[in-house]
1. Looking only at region 217-253, filter to residues that are under 15 Å from L51 (Cβ atoms) and aliphatic (A, V, I, L, M); which one of those is nearest to the chain's Cα centre (by Cα)?
2. Would you check if G79 is farther than 20 Å from G15 by Cβ and either of a type in the set (A, V, I, L, M, F, W, C) or surrounded by 14 or more Cβ atoms within 10 Å (Cβ to Cβ) (or both)?
3. On the basis of being out of contact with any helix residue (DSSP H, G or I) (no Cβ under 8 Å at 6 or more places or on another chain) and crowded, with 20+ Cβ neighbours inside 10 Å, does N63 make the cut?
4. Taking the conditions exactly as written (farther than 23 Å from C204 by Cβ, outside the structural domain of V145 (by TED's automatic domain parsing), assigned to a loop (DSSP other than H, G, I, E, B) and acidic (D, E)), does E106 satisfy them or not?
5. For the list (1) surrounded by fewer than 22 Cβ atoms within 10 Å (Cβ to Cβ); (2) not in a strand (DSSP E or B), I need the number of the one condition that G97 fails.
6. Identify, from the list F186, F161, the residue that is over 18 Å from the mean Cα position of the chain (by Cα), surrounded by 17 or more Cβ atoms within 10 Å (Cβ to Cβ) and modelled with pLDDT under 95.
7. Let me spell it out: the conditions are (1) in a strand (DSSP E or B); (2) farther than 21 Å from P156 by Cβ; (3) touching a residue at least 40 places away in the same chain (Cβ under 8 Å); (4) among the β-branched types (V, I, T), and V217 meets all of them except one. Which number is the exception?
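The values are calculated or read from the model by the stated rules, or taken from the named source; none is laboratory data. A quick note: this is a predicted structure, and the numbers were derived from the prediction, not measured. Cβ coordinates were reconstructed from backbone atoms using ideal geometry, including for glycine residues, and neighbour counts include every protein chain displayed.
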Amino acid sequence: MRRREPFFANINLLGRCELDCPFCLGHSVPFAPSPKEIPNHQDWPNLDKFLDRCRGREIDRINLTGLNVDPLQYEDLSGLCNELHEGGFKVGLRTNGLHARERMAEVNAFDSVGYTHVSKKWCASPPDVVDLVRATTAPTRVSFVMTEQTIGELWPLIWKFRAGKKPKYLQIRKVWGGSDADCAMFDQFAASLDVDHKMEERFCEAPTYTVLGMKVVLWTTVETTANSLNYFIDGTISDEYVIVGGYNVARALERKR
């Protein structure tokens, strides 16, 4: 599917995540740097070059996320956020929320916050994403990665959001490189939504619905037109939206030089 021109950018942190979610993209790049301590952003190579590239493409929104670590594990997150704001960018945060409660003052300095639902299947004490949404002052989205393990947690999560503050939308994601069973689970859920709810619009070709008063977006990465630029804190820069493929290609090209 033909992608749009990039309309946002990501800064992908590298490190050692405290969780081991089976769908994590970090599993697909075992050779990516995974330092125990994330180096300070003042030492990240090519960051200024990347920011200039964003300005040249008229991109003013940058998300802080992680390839193999959660950005809330980075100590100077507020300093990085402030510097990006001073550089003229709107700054989003993408996090599993594990440390969001203890760092909520810093979280609330962002212009938008995306939380990923953490299943109790792989975290003994997962954060309550409903509570986090209600504590966050910036607009939020919640990402739910559908697998055989997590499907039983989806409707209870939607039900908990029926009253009170809701995220801007709930993004239900088809797991990248998932098993046949995981993909079939997503497809079956999508078909059931089409039976019980009317599709209202498409966002980057992803169908959207309203379910119990909340906007729900069905997201299949390879079937959307979304596009972004990507920076990785080892200095790798990619013009590809597909993060793992873009990182691998950019690294390969760099090794040939």
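1. Selected residue: L229.
2. It is false that G79 is farther than 20 Å from G15 by Cβ and either of a type in the set (A, V, I, L, M, F, W, C) or surrounded by 14 or more Cβ atoms within 10 Å (Cβ to Cβ) (or both).
3. When the stated conditions are applied, N63 passes them.
4. Considered against the rule, which asks whether it is farther than 23 Å from C204 by Cβ, outside the structural domain of V145 (by TED's automatic domain parsing), assigned to a loop (DSSP other than H, G, I, E, B) and acidic (D, E), E106 comes out as no.
5. All conditions pass for G97, except number (1).
6. The conditions single out F186.
7. (2)
Matching residues to (1) over 22 Å from T208 (Cβ atoms); (2) assigned by TED's automatic domain parsing to the domain that holds L19:
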site: G88; (1), (2): yes, yes
site: T95; (1), (2): yes, yes
site: L132; (1), (2): yes, no
site: W159; (1), (2): no, no
site: A163; (1), (2): no, no
site: W176; (1), (2): no, no
